[in-house]
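Below is one structure, written out as structure tokens; the observations come after it.
Quick note: the coordinates plus some simple rules give every number you see, no bench work behind them. Remember, predicted model here, so these are calculated numbers, not experimental data. We place every Cβ from the backbone using ideal geometry, glycine too, and count neighbours over all the protein chains shown.
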Amino acid sequence: MPSTNDAAPLLEVTGLAKAFPMRVGRHKQKVPVVEGFSLYMQRGESVGLVGESGCGKTTVGRTICGLYERDGGTVRIDGHEVGASREDEALVHKTIQMVFQDPYTSLDPRKTIADILAEPLKVQRLAPKDQWRELAGKAVESVGLKRDCLDRYPFSLSGGQRQRIAIARALICDPQLVICDEAVSALDVSVQAQVLNMLADLQAKTDVAYLFISHDLAVVRHLCSRIVVMYLGRIVEEASTDELFSHPRHPYVEALLSAVPEPDPQRARAKRRVELEGELPPLTDLPQGCIFSTRCPFATKECLAARPQLEECAPGHRVACTRWRDLQLKGTDELVEAIAAPAAPAAES
Ligand SMILES: Nc1ncnc2c1ncn2[C@@H]1O[C@H](COP(=O)(O)OP(=O)(O)OP(=O)(O)O)[C@@H](O)[C@H]1O
Ligand SMILES: [Mg+2]
């Protein structure tokens, strides 16, 4: 294994880029889908990666864990820069596992659960064959299932149970980081909560880090201490969860916050919804200046002229918006407008 440095962040991604061939007019050409993506993660940390469908979240996850070859940027694990060697590939597999969105297609229907869980132990040569079943048994128990599911096939399990198996398959390799790509989106709300609680319990026991990919801010809010928001393949804002929810600096993030459902009906009725105008521009024809300018209610000439870079607006809080200093954007609590403080009783004369 390559030498690593324990004092460095667990994962450090700098300037990650990925392009896919797409049809542009009559020709096919490589179009950037992710550009300038940077992220660091410490051991045991949970970070949310949020943005609407097609903004490049899965591409980021797959490129970080080597399922897609990157077109630019660097990935460091414990300070070691990951290259193309076999040793580095093995280091990535040992350190990072990914759980995919769809528990119906991510498990091989012809294999028993025991065989599905033994596969990574076999491929990565993590344990001798006579230990596979015992380790698979421990893995299913760690995700709250009974050992008697080991001889069953995926089709005989519920969606929630299948997703637990997918998580057990990721955890059986004892990774330091699990990238959960919409891992609970396909599940009923009550099952979602169970799986999220289970992930939090596992983290408390093992100190595993999670990169939680979701289109839904409400899902990542309770699990993640930090949130990165993407729009059209670029990071537009990044902050601690509390800071992002209370002091958003990017108009896109304010709009996302306004769409997060309020559990309390009175607050839900009083919440202001920030509607975004216009369509999402195609990746093949992005605006010259700020990528959000075509839908931004605050866009000025300056925004159309140059693309803003991410800059630090407060410690640990970065935003890519030229106007962040003069916009007074609202956090979740301020978006609930109509519930004003009760009027003070008139003074008795
Ligand atoms: N293998 C591929 N070949 C060509 N284009 C791709 C490929 N994978 C993704 N894309 C394109 O890259 C863009 C980003 O896709 P990606 O799946 O990463 O988005 P996402 O944020 O995960 O979306 P969703 O929330 O729907 O899962 C999309 O325009 C998609 O069509
Ligand atoms: Mg995706």
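So here's what we get for this one:
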| item | result |
| --- | --- |
| GluC sites (Glu not before Pro) lying in DSSP loop within segment 210-291, provided at most 12 other Cβ fall within 10 Å | Glu275, Glu277, Glu279 |
| 3J(HN,Hα) from dihedral phi, segment 322-330, Karplus parametrisation 6.51/-1.76/1.60, rounded to Hz, x for glycine, proline | 4, 9, 4, 6, 9, 8, 9, 7, 9 |
| Segment 247-335 - percent relative contact order, Cα under 8 Å, separation 6 or more | 36 percent |
| More than 28 angstrom apart: percent of Cα pairs within segment 11-224 | 30 percent |
| Likely footprinting exposure, Ser240, Ser156, fewest C-beta neighbours within 10 Å first | Ser156, Ser240 |
| Cα gyration tensor, segment 89-173 - rounded (a/c under 1.5), prolate or oblate | oblate |
| Length-normalised contact order for segment 196-258 - Cα pairs under 8 Å, 6+ apart - percent | 21 percent |
| Ascending count of other beta-carbon atoms within 10 Å, so fewest first, for Met22, Met41 | Met22, Met41 |
| Contact order normalised by residue count of the chain, Cα under 8 Å, 6+ apart, percent | 18 percent |
| Whole-Hz couplings from phi, Karplus 6.51/-1.76/1.60, listed for segment 66-71; x for Gly and Pro | x, 6, 10, 6, 8, 9 |
| Loop trypsin sites (Lys or Arg not before Pro), segment 17-116, which have at most 12 other Cβ atoms in a 10 Å radius of their Cβ (DSSP) | Arg26, Arg110 |
| Residue (of Ala84, Ala114, Ser142) at the positive-pole extreme of segment 39-143, dipole from beta-carbon charges | Ala114 |
| Order of His317, His27 under a 10 Å beta carbon neighbour criterion, fewest first | His27, His317 |
| Positive-end residue, segment 247-335 charge dipole about Cα centroid, Cβ charges, pick of Leu329, Ser293, Leu304 | Leu329 |
| Three-way shape call for segment 26-93 based on the alpha-carbon gyration tensor, with the a/c threshold at 1.5 | oblate |
| Neighbourhood net charge (13 Å Cβ-Cβ; Lys/Arg +1, Asp/Glu -1) for Pro32 | +2 |
| Pairs of lysine residues in the chain - Cα separation under 22 Å, sequence separation of 8 or more or cross-chain | 20 |
